[in-house]
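First comes the structure, then the notes that go with it.
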Amino acid sequence: DAQRLIGHVHLQLEGTTFFCDSAYLFANDDFDAFGKIQILDASGGTVSADFLHFDRASKVATLREHVVLRDKDMTLTTGFLTYAVDSEVAVYQGGGKIVSSVNKNVLTSKNGTYFGATETFHFKRQVILKNPNYVVTCDTMQYNSGSEITYFRGPTTITGDSTVIYCENGYYDSRKDESRFGKHARIKDGSTILVGDSIYYNGVTNLGEVFGNVHIRDTTES
(Lines give C-alpha, C1' and ligand atoms only; values in the text may rest on other atoms or scores of the structure.)
Protein backbone atom coordinates (compact mmCIF):
# COMPACT_ATOMS: atom_id res chain seq x y z
CA ASP A 1 0.00 0.00 0.00
CA ALA A 2 2.64 2.53 -1.08
CA GLN A 3 3.83 4.61 -3.99
CA ARG A 4 7.39 3.91 -5.12
CA LEU A 5 9.22 7.17 -5.92
CA ILE A 6 12.55 6.95 -7.76
CA GLY A 7 15.09 9.63 -8.75
CA HIS A 8 15.46 13.19 -7.40
CA VAL A 9 12.58 12.77 -4.93
CA HIS A 10 11.37 16.05 -3.40
CA LEU A 11 8.74 16.06 -0.63
CA GLN A 12 7.49 19.09 1.30
CA LEU A 13 5.65 19.24 4.62
CA GLU A 14 4.61 22.50 6.30
CA GLY A 15 7.84 24.40 5.68
CA THR A 16 10.17 21.40 5.90
CA THR A 17 11.66 20.00 2.68
CA PHE A 18 12.89 16.43 2.17
CA PHE A 19 15.19 15.28 -0.66
CA CYS A 20 16.32 11.71 -1.39
CA ASP A 21 17.20 9.25 -4.19
CA SER A 22 14.11 7.05 -3.67
CA ALA A 23 11.20 6.57 -1.28
CA TYR A 24 8.09 4.63 -0.40
CA LEU A 25 5.17 7.01 0.24
CA PHE A 26 2.39 5.27 2.17
CA ALA A 27 -1.33 6.02 2.14
CA ASN A 28 -1.19 7.67 5.62
CA ASP A 29 1.62 10.02 4.39
CA ASP A 30 4.33 8.16 6.31
CA PHE A 31 7.36 7.51 4.13
CA ASP A 32 10.66 5.63 4.00
CA ALA A 33 13.51 7.38 2.20
CA PHE A 34 16.80 5.99 0.86
CA GLY A 35 20.07 7.43 -0.41
CA LYS A 36 21.46 10.98 -0.15
CA ILE A 37 18.70 12.09 2.20
CA GLN A 38 18.56 15.76 3.16
CA ILE A 39 16.10 17.63 5.38
CA LEU A 40 15.90 21.42 5.16
CA ASP A 41 14.00 23.01 8.06
CA ALA A 42 12.45 26.46 8.19
CA SER A 43 15.27 27.92 10.31
CA GLY A 44 17.97 26.97 7.80
CA GLY A 45 19.38 23.86 9.48
CA THR A 46 20.03 20.68 7.50
CA VAL A 47 20.04 16.96 8.35
CA SER A 48 21.42 14.28 6.04
CA ALA A 49 21.56 10.46 6.25
CA ASP A 50 21.38 7.25 4.21
CA PHE A 51 18.00 6.03 5.54
CA LEU A 52 14.97 7.85 6.96
CA HIS A 53 11.55 6.87 8.26
CA PHE A 54 9.07 9.71 8.72
CA ASP A 55 5.99 9.35 10.93
CA ARG A 56 3.38 11.80 9.67
CA ALA A 57 1.21 11.74 12.81
CA SER A 58 4.04 12.65 15.24
CA LYS A 59 6.12 14.53 12.63
CA VAL A 60 9.22 12.69 13.81
CA ALA A 61 11.98 11.53 11.45
CA THR A 62 14.16 8.55 12.40
CA LEU A 63 17.51 8.61 10.59
CA ARG A 64 20.22 5.95 10.38
CA GLU A 65 23.70 5.57 8.87
CA HIS A 66 26.06 8.52 8.30
CA VAL A 67 23.73 11.00 9.98
CA VAL A 68 24.95 14.63 9.85
CA LEU A 69 23.12 17.61 11.38
CA ARG A 70 24.36 21.11 10.53
CA ASP A 71 23.11 24.29 12.19
CA LYS A 72 25.02 27.58 11.76
CA ASP A 73 28.61 26.90 12.94
CA MET A 74 27.91 23.44 14.43
CA THR A 75 28.11 19.96 12.83
CA LEU A 76 26.83 16.80 14.55
CA THR A 77 27.66 13.32 13.22
CA THR A 78 26.14 10.11 14.60
CA GLY A 79 24.84 6.73 13.52
CA PHE A 80 21.26 7.08 14.76
CA LEU A 81 19.11 10.18 15.26
CA THR A 82 15.47 11.04 15.89
CA TYR A 83 14.43 14.50 14.75
CA ALA A 84 11.12 16.19 15.65
CA VAL A 85 10.38 18.50 12.74
CA ASP A 86 7.99 20.90 14.53
CA SER A 87 10.02 21.42 17.72
CA GLU A 88 13.45 21.04 16.04
CA VAL A 89 14.56 18.62 18.78
CA ALA A 90 17.20 16.06 17.75
CA VAL A 91 18.16 13.10 19.96
CA TYR A 92 21.05 10.70 19.42
CA GLN A 93 22.03 7.57 21.33
CA GLY A 94 24.98 5.24 21.02
CA GLY A 95 27.57 7.93 20.39
CA GLY A 96 27.87 11.28 18.64
CA LYS A 97 30.49 13.89 17.71
CA ILE A 98 30.01 17.66 17.48
CA VAL A 99 32.49 20.06 15.86
CA SER A 100 32.27 23.86 16.22
CA SER A 101 33.95 25.86 13.47
CA VAL A 102 34.04 29.04 15.58
CA ASN A 103 35.83 28.01 18.79
CA LYS A 104 37.41 24.77 17.43
CA ASN A 105 35.66 22.66 20.06
CA VAL A 106 35.23 18.93 19.43
CA LEU A 107 32.76 17.14 21.73
CA THR A 108 31.90 13.45 21.94
CA SER A 109 29.32 11.72 24.15
CA LYS A 110 27.22 8.57 24.29
CA ASN A 111 23.84 10.37 24.37
CA GLY A 112 22.79 13.88 23.42
CA THR A 113 19.79 16.12 22.78
CA TYR A 114 19.78 19.27 20.66
CA PHE A 115 17.03 21.89 21.05
CA GLY A 116 17.14 23.93 17.84
CA ALA A 117 14.77 26.68 19.02
CA THR A 118 17.05 27.61 21.95
CA GLU A 119 20.37 26.41 20.40
CA THR A 120 20.94 24.27 23.51
CA PHE A 121 22.64 20.88 23.83
CA HIS A 122 22.30 18.37 26.67
CA PHE A 123 24.98 15.65 26.78
CA LYS A 124 25.07 12.49 28.92
CA ARG A 125 27.56 9.68 29.55
CA GLN A 126 31.27 9.75 28.71
CA VAL A 127 31.25 13.42 27.71
CA ILE A 128 34.62 14.66 26.42
CA LEU A 129 35.14 18.22 25.18
CA LYS A 130 38.45 18.97 23.45
CA ASN A 131 39.63 22.53 22.87
CA PRO A 132 43.09 23.67 21.69
CA ASN A 133 43.72 24.95 25.25
CA TYR A 134 42.04 22.33 27.48
CA VAL A 135 40.13 19.03 27.72
CA VAL A 136 36.92 18.58 29.75
CA THR A 137 35.75 15.13 30.89
CA CYS A 138 32.42 14.79 32.69
CA ASP A 139 29.20 12.79 33.00
CA THR A 140 26.67 15.53 32.16
CA MET A 141 27.09 18.79 30.24
CA GLN A 142 24.81 21.51 28.92
CA TYR A 143 25.95 23.94 26.22
CA ASN A 144 24.21 26.91 24.62
CA SER A 145 25.75 27.81 21.25
CA GLY A 146 24.04 31.22 21.27
CA SER A 147 25.47 32.40 24.61
CA GLU A 148 28.54 30.09 24.38
CA ILE A 149 28.11 29.11 28.05
CA THR A 150 28.90 25.54 29.15
CA TYR A 151 27.44 24.05 32.36
CA PHE A 152 28.98 20.99 34.09
CA ARG A 153 27.09 18.47 36.22
CA GLY A 154 28.56 15.56 38.16
CA PRO A 155 32.27 14.68 38.51
CA THR A 156 34.16 16.92 36.06
CA THR A 157 37.87 17.15 35.24
CA ILE A 158 39.35 20.00 33.20
CA THR A 159 42.94 19.54 32.05
CA GLY A 160 45.12 22.36 30.67
CA ASP A 161 48.82 22.67 29.90
CA SER A 162 49.90 22.74 33.55
CA THR A 163 46.58 22.94 35.41
CA VAL A 164 44.06 20.28 36.43
CA ILE A 165 40.65 21.39 37.75
CA TYR A 166 38.10 19.13 39.44
CA CYS A 167 34.53 20.02 40.41
CA GLU A 168 31.04 18.50 40.56
CA ASN A 169 29.14 21.51 39.19
CA GLY A 170 30.08 24.75 37.50
CA TYR A 171 30.08 26.75 34.28
CA TYR A 172 32.39 28.32 31.72
CA ASP A 173 31.51 31.45 29.71
CA SER A 174 33.78 31.39 26.64
CA ARG A 175 32.82 34.91 25.52
CA LYS A 176 33.80 36.51 28.83
CA ASP A 177 36.49 33.88 29.55
CA GLU A 178 35.19 33.42 33.08
CA SER A 179 34.36 30.29 35.02
CA ARG A 180 33.00 29.15 38.37
CA PHE A 181 33.52 25.71 39.91
CA GLY A 182 31.59 24.36 42.89
CA LYS A 183 31.12 21.27 45.08
CA HIS A 184 34.48 19.73 45.97
CA ALA A 185 36.21 22.27 43.70
CA ARG A 186 39.96 21.74 43.44
CA ILE A 187 42.71 23.25 41.26
CA LYS A 188 46.18 21.73 40.90
CA ASP A 189 48.71 24.03 39.26
CA GLY A 190 52.23 22.67 39.29
CA SER A 191 53.06 21.89 42.91
CA THR A 192 50.20 24.00 44.33
CA ILE A 193 46.78 22.57 45.21
CA LEU A 194 43.90 24.97 45.90
CA VAL A 195 40.64 23.73 47.45
CA GLY A 196 37.41 25.61 48.25
CA ASP A 197 33.64 25.31 48.34
CA SER A 198 33.55 27.37 45.15
CA ILE A 199 36.20 28.89 42.89
CA TYR A 200 35.76 31.79 40.46
CA TYR A 201 38.31 32.68 37.77
CA ASN A 202 38.48 35.41 35.11
CA GLY A 203 40.84 34.59 32.25
CA VAL A 204 40.93 38.18 30.98
CA THR A 205 42.20 39.69 34.24
CA ASN A 206 43.95 36.49 35.42
CA LEU A 207 42.30 37.00 38.81
CA GLY A 208 40.54 34.32 40.83
CA GLU A 209 38.55 34.13 44.06
CA VAL A 210 37.94 31.17 46.35
CA PHE A 211 35.04 30.99 48.82
CA GLY A 212 34.37 28.78 51.86
CA ASN A 213 36.76 26.32 53.55
CA VAL A 214 39.73 27.54 51.53
CA HIS A 215 42.80 25.33 51.69
CA ILE A 216 46.13 25.89 49.86
CA ARG A 217 48.88 23.28 49.88
CA ASP A 218 52.32 23.48 48.30
CA THR A 219 53.54 19.93 47.74
CA THR A 220 57.12 21.04 46.97
CA GLU A 221 57.56 23.04 50.18
CA SER A 222 55.27 20.73 52.20
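The values are calculated or read from the model by the stated rules, or taken from the named source; none is laboratory data. Remember, it's a predicted structure, so these values are computed and weren't measured experimentally. Positions of Cβ are generated from backbone atoms using ideal geometry, with glycine treated the same way; all protein chains shown enter the neighbour counts. Just so you know, the surface numbers come from the protein's heavy atoms only, side chains and all, with ligands and any DNA or RNA stripped out. Shrake-Rupley method; radii C 1.70, N 1.55, O 1.52, S 1.80 Å.
FRET efficiency for the ALA27 to THR75 pair, using the beta carbon distance and R₀ = 30 Å, is estimated at 0.25.
Taking the Cα centre of the stretch 19-112 as reference, the dipole from Cβ charges on Lys and Arg (+1) and Asp and Glu (-1) amounts to some 440 debye. Counting only protein heavy atoms and using a 1.4 Å probe, the accessible area of THR192 comes to about 50 Å². Taken about its Cα centre, the chain carries a charge dipole of roughly 440 debye when the Cβ of each Lys and Arg holds +1 and the Cβ of each Asp and Glu holds -1. Across the chain, the longest run free of exposed loop sites, meaning GluC sites (Glu not before Pro) lying outside DSSP classes H, G, I, E and B with no more than 11 other Cβ atoms within 10 Å, spans 15-220.
Within the accessible area of the chain, the carbon and sulfur atoms contribute 52%, probe 1.4 Å, all protein chains present. Taking a straight Cα-Cα cut-off under 27 Å and skipping sequence neighbours fewer than 8 places away in the same chain, the lysines within cross-link reach of LYS110 are LYS36, LYS59, LYS72, LYS97, LYS124, LYS130, LYS183. Computed from the C-beta positions of ASP1 and VAL68 and an R0 of 35 Å, the FRET efficiency is 0.65 to the nearest 0.05. For the chain, a Gaussian network of Cα nodes joined below 10 Å ranks LYS176, LYS72, LYS188 by mean-square fluctuation, and the top entry is LYS176.
Using a 1.4 Å probe, what is the accessible area per residue for the stretch 166-219, in Å²? Don't jump to the answer; show the numbers that get you there.
Details: 3250 Å² over 54 residues.
Result: 60 Å² per residue.
Counting only the Cα atoms, the stretch 32-188 fills a convex hull of 104 Å³ per residue.
Of ARG70, ARG180, ARG175, ARG56, which has the most accessible area and how do the rest follow, probe 1.4 Å?
If we order ARG70, ARG180, ARG175, ARG56 from most to least accessible, we get ARG175, ARG70, ARG180, ARG56.
Once the 1.4 Å probe is applied to the protein heavy atoms, the stretch 1-76 comes out at 54 Å² accessible per residue. Projecting the Cα atoms of CYS138, VAL214, TYR24 onto the charge dipole of the chain, computed from C-beta unit charges around the Cα centre, puts VAL214 farthest toward the positive end. Among the chymotrypsin sites (Phe, Trp or Tyr not before Pro) in the stretch 70-102, none is located in a DSSP loop while being surrounded by at most 16 other Cβ atoms within 10 Å of its own Cβ. Stretched out straight at 0.36 nm per residue, the stretch from ASP50 to VAL102 would grow longer than its current Cα-Cα span by 16.0 nm. Toward the positive end of the charge dipole of the chain, with +1 on the Cβ of Lys and Arg and -1 on the Cβ of Asp and Glu, the farthest Cα among ALA49, ALA117, PHE80 is that of PHE80.
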